[in-house]
Each structure stands twice: as structure tokens, then as C-alpha cells.
1. Run residue B:30 past the list (1) modelled with pLDDT of 95 or more; (2) in a helix (DSSP H, G or I); (3) surrounded by fewer than 15 Cβ atoms within 10 Å (Cβ to Cβ) and report the number of the one that doesn't hold.
2. Within the stretch A:116-136, identify whether any single residue is of a type in the set (Phe, Trp, Tyr) and assigned to a helix (DSSP H, G or I), and answer yes or no.
3. Could you tell me which numbered condition residue A:88 fails, if it satisfies all but one of (1) surrounded by 19 or more Cβ atoms within 10 Å (Cβ to Cβ); (2) within 13 Å of another protein chain (Cβ to nearest Cβ)?
4. State all residues of the stretch A:144-174 that are more than 18 Å from the chain's Cα centre (by Cα) and within 14 Å of another protein chain (Cβ to nearest Cβ); if no residue qualifies, say none.
5. Residues in the stretch B:112-125 that are in a loop (DSSP other than H, G, I, E, B) and under 25 Å from residue A:134 (Cα atoms): how many?
6. Only one of these is within 14 Å of chain A (Cβ to nearest Cβ), surrounded by 13 or more Cβ atoms within 10 Å (Cβ to Cβ), aromatic (Phe, Trp, Tyr) and not in a strand (DSSP E or B): B:109, B:104, B:73. Name it.
7. Give me a count of the residues in the stretch A:272-295 that are within 14 Å of another protein chain (Cβ to nearest Cβ) and in a strand (DSSP E or B).
8. Do you know which residues across the stretch A:203-234 are within 14 Å of another protein chain (Cβ to nearest Cβ) and either closer than 14 Å to residue A:151 by Cβ or not hydroxyl-bearing (Ser, Thr, Tyr) (or both)?
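The values are calculated or read from the model by the stated rules, or taken from the named source; none is laboratory data. If you're wondering where the values come from, they're calculated on a predicted model, not measured in any experiment. For neighbour counting, all protein chains shown are included, and Cβ atoms are generated from backbone atoms with ideal geometry for every residue, glycine included.
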Amino acid sequence: MSKFDRRGFIKLAGLGGGIVFASSLSRGLGLNALGSLPDYAKGKVENDFYFVQLSDTHWGFAGPKVNPDAEGTLKKAVQAVNNLEEQPDFIVFTGDLTHTTDDVQVRKDRMSQFKEIVGALKVPTVHFMAGEHDASLDRGDAYQEAFGKLNYTFDHKGVHFIVIDNVSDPGAIVGESQLNWLKADLKQQKTDARIVVLTHRPLFDLYPDWDWATRDGSAVIDALMPHHNVTVFYGHIHQENHHMTGHIAHHSAKSLMFPLPAPGSVPKKAPIPWDTSAPYKGLGLRSIEAELKQAKYEIKELNVTGG
Amino acid sequence: MNRKKRILVTGAFLMSAVLVSVLGIYIKADALPPERVIHITAKTFAFSPDSITLKKGEPVVFEISSGDRKHGFSLRAFGVRSDVLPGKVSRIRFTPDKTGKFSFSCDVFCGDGHEEMTGTVVVTD
């Protein structure tokens, strides 16, 4: 990412206190994708870290006009991450790991195949989350069997990560029970804690006519609002989008199967066809630098009498 | 009050009550235009019909049923939605208060093709 791009992103994120997330999206999935070192790796500061977000891999999707390399794209992405000179601390997959199917056995098979492919990642720590394609038809049964919990938290170098499930209810509802779980977790966090929310659908009404919303997402945002340092990373919309709800920044990621049009830009939402002149155009993965703000020292001079 | 007089008063009261309620129903029926009922079927992965023309100010009730599994029906322009469950008829009542072309969609993920479950409501003057 150029310095100019990085400054622009930081301004957008508007995260004044404690932590700054700089994100870079690869331009394609050729061998050079993410080939250059993230800024973090160039000038590493103690406790700063970076992670990689991959999203909407839709393993099992078939549509040659949309992606003639449907079986190769995820493998290329894995290779691109493995080729990074400095490996990220961890990787997150923000949902729609597999493409939906009514056939329970095919669903399970796709999840197994996906696990096998991403098992080639060098980075040992990978955090998964579900998308509606993985979990909406069986309330997340197959997903949980293959990947574990639908909502959970983890901590890394002073940052609290919260994974929110807004897909296992097919109506795109987080639900009262999970909201209570979230509120109880947030109660344990100071208001200036560094919090990152990972989820699949947008938590705000990006474009509900295209299902680009979470029905009770405003309740999640309300719960997060008292916390000053919250950033949300999500998938679902197969393109980059940056949005602020108050002081909370929301950043969506590109897909690794097919891009979708900009919200409301066409009468009917449909995958953007493959561009033979620019293969993998609109697909990508991103690295996210978590730059922990340098500690400030307030110095007060005292004389020998303590005055 | 003697018994005969009491019966007469009670009878008159009851007659008035009946008249008032009949008149009330008549007035009500006269004041409100009848609801137009539109039957819609949701089935993987389409609504039938998927194009509906309504008149501004004309009350309408959508009676939506599922032909297979759970779906949703959402017409955000008029703030109405409902789950659509197999074996049940979901009713959505509203009166269009603006003209134009508005889209509706299934807002309950129902499978590969869910994205295509959309339709259009056209409201004319």
C-alpha cells in the first residue's frame, strides 16, 4: 500500500485512540498478490501486528462465466499468503467458506475439502466464521461440526476480537441470546479497550433490498457504541466498502470467488462476469495492520523538596 | 318501575343498540373502500406473481403462502415484511401512499437461488 493510500485509510477509519488499522487489498491473485511486504513488516514496532482477512471463498460454486478458475482461486490465495515474506500473526475467514447446497452430505464434503485446502496455510492460527451459505439452511449444524463455535472471542496482543454470528438464523438475525452474550462480554472490557468485531453480514443497513444488512444489527451497534475503539471487518458483499456508524468503522472485504456490483447500482444483483482481459479482477484478500499507538509519557519535573 | 314498564325500557334500549350497531357497520362499510386481496406464492426461487400493480390509496392485503420451505417477504418501501411458512398463509395489510416502482424480496435465506427471489410492486394514481 502506498503511503498516500495508507493515510487515506487511516483518515477514514478515524480511530484516534489506541489503535489504527491499515488495510491493503491485493489487486489480483497472480503470483505477485500480496507479494510486497506490508508496511508493518518493514518497520516493525513491538506489539504491532498484522493479520490477513480472506472472505467469501464459496468453495463448491460452479459458473464458468463468473469464475472459470473456481477450483483454483482459493488455492492461489493460500499460496499468495504463504508467499508473504513475513507471515501474519493469524488469518481470519469472514464467512461463506462454502457455497450453499440443499444436500447435507455435499455441504459436509465441501467443508472438508475447504479445510483440506486451507490446511496448507503456513500460519498455524486461523479463525473461521460462517456465512449464510455455510450455516443458514441447517442453523449452523454442519459448520459447527467442521469448524466449531459460531460466535466466540479471542485476544491478541491487547486487542479483543469478537466474532458475531449473523447468519445461522436465516432471517439474518443476531438474536436476543447472542446479544446478551455480547453485552456480557463487553461489560468485561474497558470503554477504551481495543475491540475488533468480525462478522459476515454488514451490521448496518448497507442495502437491505439486496440482503446487505443484519435485521437487528442496530442493537449490536448500540451495544458497541459506548466503546471508543471499535472496528468491524466483514464480508458478504464481495467488494470493498468503508462506512462509519458514529465512531465505529466498518470495512468489507472482497470475495475470492466472484465480485458483486456496487450497492443499488444495477436493478438486479448478480455476480459480475469474468473479465478475460483482466482475470481475477475484483477478487482479493487483505492484510490488516494493527498499529498500537506509541505510549505517551507525561513528564512533570519535581525539585528536591517535592514542590 | 313496574315489571311491564321495565320490559319496555329494556326492549327499547336493546333495539337502539341493534340499530346503532347496524348503522355503525353500514357507515363503516360505506366509509372504507374494500381491501383488495392479492395471493402470492413463494417457491424456490421465485414469487408468483412477481409483478403486482396497485393503486395509491387503495387498501390491499397480500396473502402469501409457501410452495415448499420457509421464505420471507419484504417490501421495504412500505415498511412491511413477514416470514412465509409452509402450510400457513401470511397476511400483510397496507395502503400504498406513494406512486412508483418498488422492489420486494425474500429476506430469509432459502438456498442457492435465494438472491433471485425478487419482484416489483408498481403503484399508480
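1. Exception for residue B:30: condition (1).
2. No, there is no match, as no residue in the stretch A:116-136 is of a type in the set (Phe, Trp, Tyr) and assigned to a helix (DSSP H, G or I).
3. (2)
4. A:169, A:170, A:171, A:173, listed by residue number.
5. 3
6. Unique residue meeting the criteria: B:109.
7. 0
8. The answer is A:205, A:206, A:208, A:209, A:210, A:211, A:212, A:213, A:214, A:215, A:216, A:217.
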